[in-house]
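What follows is a single structure, written as structure tokens, with notes after it.
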Ligand code: UDX
């Protein structure tokens, strides 16, 4: 199949490279010519484990190419995926569809024959239909179909998620388009036996939002259980394990922490909430989850302050700034709320992140340390904000020697309370008895 992927952001690049790895011929398009020039030179605009090598291998094999010219990529494509950004609109929280709809119009003008246009970006219910109307209004004479095919990739494990998804969802109202999508996902279906769900476009669009909102709810639920554990002397890790072994609940996404962040959950929960309100079926659960998660970040900041016995005039080491490990993404990271709060209370911050340093420096206006050791040096205590592996195995003797006071506030539960007590630390974690 010949595929054009419009948008070389996180989703577009991983999906485009992934399709080329399965043997399809893929052209990735982005209007940012600098980004395209970098990609042609083999430089990745984002950090994602494994991406570099599949881009290099498939570019070399001639199956993957990059261009800033949409008009060159569209003619002759069997399918054109729209994978451009849909940020939250500042004023009302709705997904901003400007780029998606502009791209659809641009594609319409460049089409030369029957093509399937696929929305990969997370778009509100009804958008695929809207895109169809736009293209039809520009090219009333042309045969085409618009299909919804949401992505479920996680940052940091996107390549593995692309190769072995739990499911592929396709929302499609035409048999002809269904055949094209079936062919595109044939390797997934045949080799890895991935279930491919065909449904209507509206249902497909909703599946994406419902999945993310449910996962956000699961996280928020366990975070509340952690708060209860702290009051009653329970251990949230055991609660999560005890719950998760029930297969109807499942073990994943029951790690208590400082609240969910990232490019998807905050934006998608808000967009689903707006949609639900607009259509007259307001989701009170999603509304509550959004509010609890926002409140949690500031509550965590206050908790750190309390665990430190006040931070005024103290040096706080912060390990991890990205919203989760194995990414350089800072979008909606809890650190963006927690660090400024601690600063406002008079703390001096010494922060380190293995990948997010550059963006964190810009977003937080903070000099970022080059190593974890530098961040820990002479600090009055350390806060773990992201569970990067290199912090998990950090030598506790060295940590204790570097810190001025042996105080650890661990918002990701990466250490065991017993081990920390034995190593002589005052240790505070989430939803577990403090030592
Ligand atoms: C998410 C979805 O998982 C993915 O399917 C969708 O396509 C995009 O959104 P991503 O944002 O990359 O992916 O990260 P994910 O691993 O889901 O984590 C999201 C947030 O939830 C992070 O801030 C993470 O720290 C938090 N989280 C996750 C928890 O606090 N506890 C958990 O148990 C799991």
(request) Using only Cα atoms, find the angle between the long axis of helix 98-110 and the longest principal axis of the chain, and express it within 0 to 90 degrees, rounded to the nearest 10. (result) 20 degrees
(request) Show me 41-48, 369-376 ranked by packing, highest mean number of other Cβ atoms within 10 Å first. (result) 369-376, 41-48
(request) Neighbouring Cβ atoms within 10 Å as the yardstick, rank 66, 394 fewest first. (result) 394, 66
(request) Only helical DSSP H runs with n ≥ 4 go in: add -39500 (n - 2.57) per run for the chain, normalise by residue count and round the 222 nm mean residue ellipticity to 500 deg cm²/dmol. (result) -13500 deg cm²/dmol
(request) Report, as a whole number in µm² per second, the diffusion coefficient that Stokes-Einstein gives for the stretch 203-435 at 37 °C and 0.692 mPa s using the Kirkwood radius over alpha carbon pairs. (result) 179 µm²/s
(message) Pairwise over distinct Cα atoms, reciprocal of the mean inverse distance: report the Kirkwood radius of the stretch 50-176 in Å, one decimal place.
(response) 16.2 Å
(message) How are the alpha carbon pair distances in the chain distributed across 20 Å bins from zero to the largest one, expressed in percent?
(response) 24, 52, 23, 2
(message) With angles folded into 0 to 90 degrees, how steeply does helix 10-21 sit against the dominant principal axis of the chain? Use alpha carbons for both and round to 10.
(response) 60 degrees
(message) Would you work out the Kirkwood radius for the stretch 101-169? I mean one over the mean of 1/r across all pairs of different Cα atoms, in Å.
(response) 13.4 Å
(request) Using the 2.2 N^0.38 Å rule of thumb for compact globular proteins, work out how the stretch 1-46 stacks up: its C-alpha Rg over that value, please. (result) 1.06
(message) What are the equivalent ellipsoid semi-axes of the stretch 184-337, built from the alpha-carbon gyration tensor (square roots of five times its eigenvalues), in whole angstrom, biggest first?
(response) 32, 19, 18
(message) Can you give me the C-alpha center-to-center distance between the stretch 344-411 and the stretch 260-306, rounded to a whole angstrom?
(response) 27 Å
(message) If you restrict to DSSP beta bridges whose two residues both lie in the chain, what percentage is antiparallel, to the nearest 5?
(response) 5 percent
(message) Among 172-179, 95-102, 217-224, how do they line up by average Cβ neighbours within 10 Å per residue, starting with the highest?
(response) 217-224, 95-102, 172-179
(request) Compare the peptides 75-86, 319-330, 105-116 by average per-residue count of other Cβ atoms within 10 angstrom and give them in order, highest first. (result) 319-330, 75-86, 105-116
(message) As I understand it, the value is the acute angle between the Cα axis of helix 127-138 and the longest principal axis of the Cα atoms of the chain; what does it come to in degrees, rounded to 10?
(response) 40 degrees
(message) Which of 137, 128, 65 ends up with the largest GNM mean-square fluctuation for the chain, with Cα atoms connected below 10 Å?
(response) 137
(request) Would you please give the FRET efficiency between residue 390 and residue 34, computed as 1/(1 + (r/R0)^6) with r the Cβ-Cβ distance and R0 = 25 Å, to the nearest 0.05? (result) 0.20
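Values in this text are rule-based calculations from the coordinates and carry no lab data. These numbers were taken from a predicted model, which means no experiment stands behind them. Because the Cβ atoms are built from the backbone with ideal geometry, glycine has one as well, and the counts that use them run over all protein chains shown.
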